[in-house]
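Report on the structure given below.
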Amino acid sequence: AQTIHQWPVAEIKAVGSPLSLGCTIKGKSSPNLYWYWQATGGTLQQLFYSITVGQVESVVQLNLSASRPKDDQFILSTEKLLLSHSGFYLCAWSRLGSSAETLYFGSGTRLTVL
Amino acid sequence: AQSVTQPDARVTVSEGASLQLRCKYSYSGTPYLFWYVQYPRQGLQLLLKYYSGDPVVQGVNGFEAEFSKSNSSFHLRKASVHWSDSAVYFCVLSNQGGSAKLIFGEGTKLTVSS
């Protein structure tokens, strides 16, 4: 069975500090990977997606970056946090990149920027 | 333009009552449509999806949804809700072709009262 693990579960960070969030998928080779951001009480917005190691596509510019250093790992980061970065970050994977694919979400990381 | 509208931000129903959560979409062709559920402080899980065939699709835990092209709708229904159904429900639209670019509705927070 496939599992998806996000870390950390929660972060409280200062404005201007760096950030690194991680996501690991086990039990599935070459998954498509996604980062989503959810404002408190809001809807989800896709940030990045990746179909293979080393390749990441940006969907929305939020002064964040993403990398895929390994087949099963997806990293979201920034060098300087903004207040607007607060929210819930969700990593997801799908078997293929087609539009009808089900997304499988991790449990998320809650980020508070002060 | 593609969009998803969930007109009801909050819905409260009594346990055992029937449920309908509304979803309207805007898309020029025949879309792929999904309903996802988010339990408190968790990631999202797929309830059901539609991309062709019978307009009524069955999902998990007794949920079903009906696709209507003429009304541009994809309403979610359940005959008898349980307190554990309390969660946020997202209607999601996916464009056909290409990578999975999902458009999420704003979500409907369902509260089941006992």
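The values are calculated or read from the model by the stated rules, or taken from the named source; none is laboratory data. If you're wondering where the values come from, they're calculated on a predicted model, not measured in any experiment. Here Cβ is always computed from backbone atoms with ideal geometry, including for glycine, and neighbour counts include all displayed protein chains. What goes into the accessible areas is simple: the full protein's heavy atoms, side chains included, and nothing from ligands, DNA or RNA. Shrake-Rupley method; radii C 1.70, N 1.55, O 1.52, S 1.80 Å.
Its alpha carbons considered, the protein assembly as shown gives a radius of gyration followed by a Dmax of 17.7, 52 Å. Computed over chain B with a Gaussian network model linking Cα atoms closer than 10 Å, the most mobile of B:Val11, B:Val92, B:Val37 is B:Val11.
Shown is the FRET efficiency for B:Asp8 and B:Ser80, computed with R0 = 30 Å from the Cβ-Cβ distance and rounded to the nearest 0.05: 0.95. Annotation: amide H of B:Leu48 within the under-5 Å range of B:Trp35, sequence separation 5 or more or interchain, hydrogens built in the peptide plane. If the chain linking B:Glu66 and B:Thr111 were pulled fully straight, counting 0.36 nm for each residue of separation and taking away their Cα-Cα distance, it would gain 14.0 nm.
Compute the relative contact order of the range B:57-114 as a whole-number percentage, counting only Cα pairs closer than 8 Å that sit 6 or more residues apart in sequence. Reported as a whole number, the value is 27 percent.
Evaluate peptide A:43-53: per residue, the Cβ atoms of other protein chains within 10 Å of its Cβ; return the mean as an integer. Don't skip to the answer; put the middle values down first.
Working: counts 10, 11, 3, 6, 0, 0, 3, 1, 2, 0, 0.
Across A:43-53, the average partner-chain Cβ count within 10 Å equals 3.
When you restrict to C-alpha pairs under 8 Å that are six or more residues apart and normalise by the size of chain A, the relative contact order lands at 35 percent.
Just for chain A, what percent of DSSP beta bridges are antiparallel, to the closest 5?
In chain A, approximately 90 percent of DSSP beta bridges are antiparallel ones.
Within the accessible surface of chain A, defined with a 1.4 Å probe on protein heavy atoms only, the carbon and sulfur portion equals 55 percent. Per residue, the accessible area of the range A:3-113 comes to 43 Å² when a 1.4 Å probe rolls over the protein heavy atoms.
Counting lysine pairs in the protein assembly as shown whose alpha carbons fall under 19 angstrom apart, excluding pairs fewer than 8 residues apart on the same chain, gives 12. The GNM of chain A, with springs linking C-alpha atoms under 10 angstrom apart, assigns the highest mean-square fluctuation among A:Thr40, A:Thr78, A:Thr24 to A:Thr40.
Could you give the dipole magnitude of the range B:3-113 about its Cα centre, charging the beta-carbon of Lys and Arg +1 and that of Asp and Glu -1, in debye to the nearest 20? List each step's numbers first, then the result.
Details: 10 positive and 7 negative charges, 47 e Å.
Charge dipole of the range B:3-113: 220 debye, to the nearest 20.
When the surface is traced with a 1.4 Å probe over the full set of protein chains, A:Thr112 keeps roughly 50 Å² accessible.
Highest GNM mean-square fluctuation among B:Gly16, B:Gly59, B:Gly43, for chain B modelled with Cα contacts below 10 Å: B:Gly43. The radius of gyration of the Cα set in the range A:3-113, together with its Dmax, comes out at 13.1, 39 angstrom.
Distance from the Cα centroid of the range A:41-71 to that of the range B:59-114 is 25 Å (rounded to whole angstrom).
Got a sec? What order do B:Phe67, A:Phe74 fall in by accessible area at 1.4 Å, biggest, i.e. largest, first?
Working: B:Phe67 20, A:Phe74 0 Å².
Descending order: B:Phe67, A:Phe74.
You can think of it this way: the chain between A:Ser17 and A:Leu82 has 22.5 nm of extra reach, that is 0.36 nm per residue less the Cα-Cα gap. Shape index of chain B: Rg/Rh, with Rg the Cα radius of gyration and Rh the Kirkwood radius from the inverse mean 1/r over Cα pairs, equals 0.96.
Taking every protein chain into account, the accessible area of the range B:3-113 amounts to 45 square angstrom per residue (probe 1.4 Å).
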